[in-house]
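Worksheet: one structure, shown below.
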Amino acid sequence: MASLKALKLRIGSVKSTQKITKAMKMVAAAKLRRAQEAAEAGRPYAQTLERVVASLAGKVQIGEGSSPLLAGTGKQDVHLFVVATSDRGLAGAFNTNIARLARRRADELIAQGKTVKFYTIGRKGRAALARIYRDRMAHGIEPGDLGKLTFADARGYADDLIRRYLNGEFDVAHLFFSTFKSVLAQEPTEQQIIPVQVKVSATPSADSGMAAVEYEPDEESILAELLPRNIAIQLFRAMRENAASEQGSKMTAMDNATRNAGDLINRLTIEYNRTRQAAITTELVEIISGAEAL
Amino acid sequence: MLHFELVTPERLVRSEDVYMVVVPGTEGDFGVLENHAPLMSTIRDGELAIYRTQGSTPETIRIEGGFAEVNGVGLVVLAEAVTG
């Protein structure tokens, strides 16, 4: 059995760990609220853009002249996995879950004989993937604090992706991130971003009433301008979702850690008291038997 | 009144009923009043002029990287960045 002094020290150290995890939980909770608000504030833009792009893409004929962002390269050989994680750990399974989904999909595609490359946004995802796919890492970005990312940053990543796409570095790009469902549930998600996947609704809803929409300049040019922007907004949305998911995951993880530390302290305290009582009893027995011997 | 919305990727900047908005379209400025015909247009970097009532002094907002849609509901302006 450990000595009294060792137990006391141990309890002290677990207590200070608990203080730290508790503080981290509070910080995550505060940041989560802000991240959630930010994610919601970005929705009107994303929804409007998505609706416009879908209605335009439905009207434009895909042919020789159409944008490769819409039409694709005509091949499906090289897949680029854009894996968005965070730069920081201590957020439960947040980073691991995203990396695991990417790995599973990558193995599927590799088994089909496709080439898979990784483009990581976030240090943690890069670390997890580079261990297995050392020679497939195309590029890595370290975005820093996810909550502070602006649209301009996302635009920069999107421009880089589009440049690589037009250079023929890949045929299809998939984006991996974590969708924020609730504080307790964050779902790793895959989304194809290049070429743009258009959800053409079977029954054109809101637009059908307005038969003649005027276009300035024309459908093709508008689409050509909106498609790159659409990719940027998808990336931006993924970052925002990730930021909220990361804080949610961190909060849960730190809450668990705080609770575990509490349990550990209780156990150690019981052990400490037991040891102390045992020591007192031994001492008493010694004194009494000493007195009896006289 | 014309229902006017100005949104950026970061937030919803404006959502209000106004009299008229003058939009700096790529092919020239155009004013949007109530019941404007459906229209989609790209926007050059420039200033939106918002007239709250007929004949009032316009309020201007500088936007960059924009796109405008006029539909049955009103006017929606998407902008990458908004200043002022």
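Table for the structure above
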| read-out | value |
| --- | --- |
| Filtered residues of the stretch A:117-133 (kept if over 30 Å from A:ARG33 (Cβ atoms) and either within 18 Å of the chain's Cα centre (by Cα) or at pLDDT below 80 (or both)) | A:PHE118, A:TYR119, A:LEU129, A:ALA130 |
| All positions within the stretch A:112-147 that are on the phi > 0 side of the Ramachandran plot and either surrounded by 20 or more Cβ atoms within 10 Å (Cβ to Cβ) or within 14 Å of another protein chain (Cβ to nearest Cβ) (or both) | A:GLY122 |
| Members of the stretch A:148-164 that are out of contact with any Ser or Thr (no Cβ under 8 Å at 6 or more places or on another chain) and either among the polar types (S, T, N, Q) or crowded, with 16+ Cβ neighbours inside 10 Å (or both) | A:LEU149, A:THR150, A:ASP153, A:ALA154, A:ARG155, A:TYR157, A:ALA158, A:LEU161, A:ILE162, A:ARG164 |
| A:ALA35 under 15 Å from the mean Cα position of the chain (by Cα), in contact (Cβ under 8 Å) with a residue 40 or more places away in the chain, surrounded by 18 or more Cβ atoms within 10 Å (Cβ to Cβ) and part of a helix (DSSP H, G or I) | yes |
| Test result for B:VAL77, buried (at least 21 other Cβ atoms within 10 Å of the Cβ) and within 12 Å of chain A (Cβ to nearest Cβ) | yes |
| Test result for B:GLY72, under 21 Å from A:LEU227 (Cα atoms) and of a type in the set (Gly, Ala, Ser) | no |
| Selection count where residues are of a type in the set (Val, Ile, Thr), touching a residue at least 12 places away in the same chain (Cβ under 8 Å) and over 20 Å from A:ASN97 (Cβ atoms), scope the stretch A:143-181 | 2 |
| Those residues of the stretch A:46-62 which are assigned to a helix (DSSP H, G or I) and out of contact with any helix residue (DSSP H, G or I) (no Cβ under 7 Å at 6 or more places or on another chain), in sequence order | A:GLN47, A:THR48, A:GLU50, A:ARG51, A:ALA54, A:GLY58 |
| Condition check for B:ALA68: farther than 24 Å from A:SER221 by Cβ, touching a residue at least 12 places away in the same chain (Cβ under 8 Å) and among the small types (Gly, Ala, Ser) | no |
| Members of the stretch A:122-142 that are within 12 Å of A:ARG103 (Cβ to Cβ), touching a strand residue (DSSP E or B) at 6+ places or on another chain (Cβ under 8 Å) and not in a helix (DSSP H, G or I) | A:TYR133 |
| Total residues in the stretch A:163-182, condition of a type in the set (Lys, Arg) and part of a loop (DSSP other than H, G, I, E, B) | 1 |
| Residue count for the stretch B:14-44, restricted to those that are among the acidic types (Asp, Glu) and more than 13 Å from every other protein chain (Cβ to nearest Cβ) | 3 |
| Members of the stretch A:203-236 found to be within 18 Å of A:ARG43 (Cβ to Cβ) and modelled with pLDDT of 80 or more, listed by number | A:LEU226, A:ARG229, A:ASN230, A:ILE231, A:ALA232, A:ILE233, A:GLN234, A:LEU235, A:PHE236 |
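The values are calculated or read from the model by the stated rules, or taken from the named source; none is laboratory data. As the structure is a prediction and not an experimental result, all values here were calculated from the model. We place every Cβ from the backbone using ideal geometry, glycine too, and count neighbours over all the protein chains shown.
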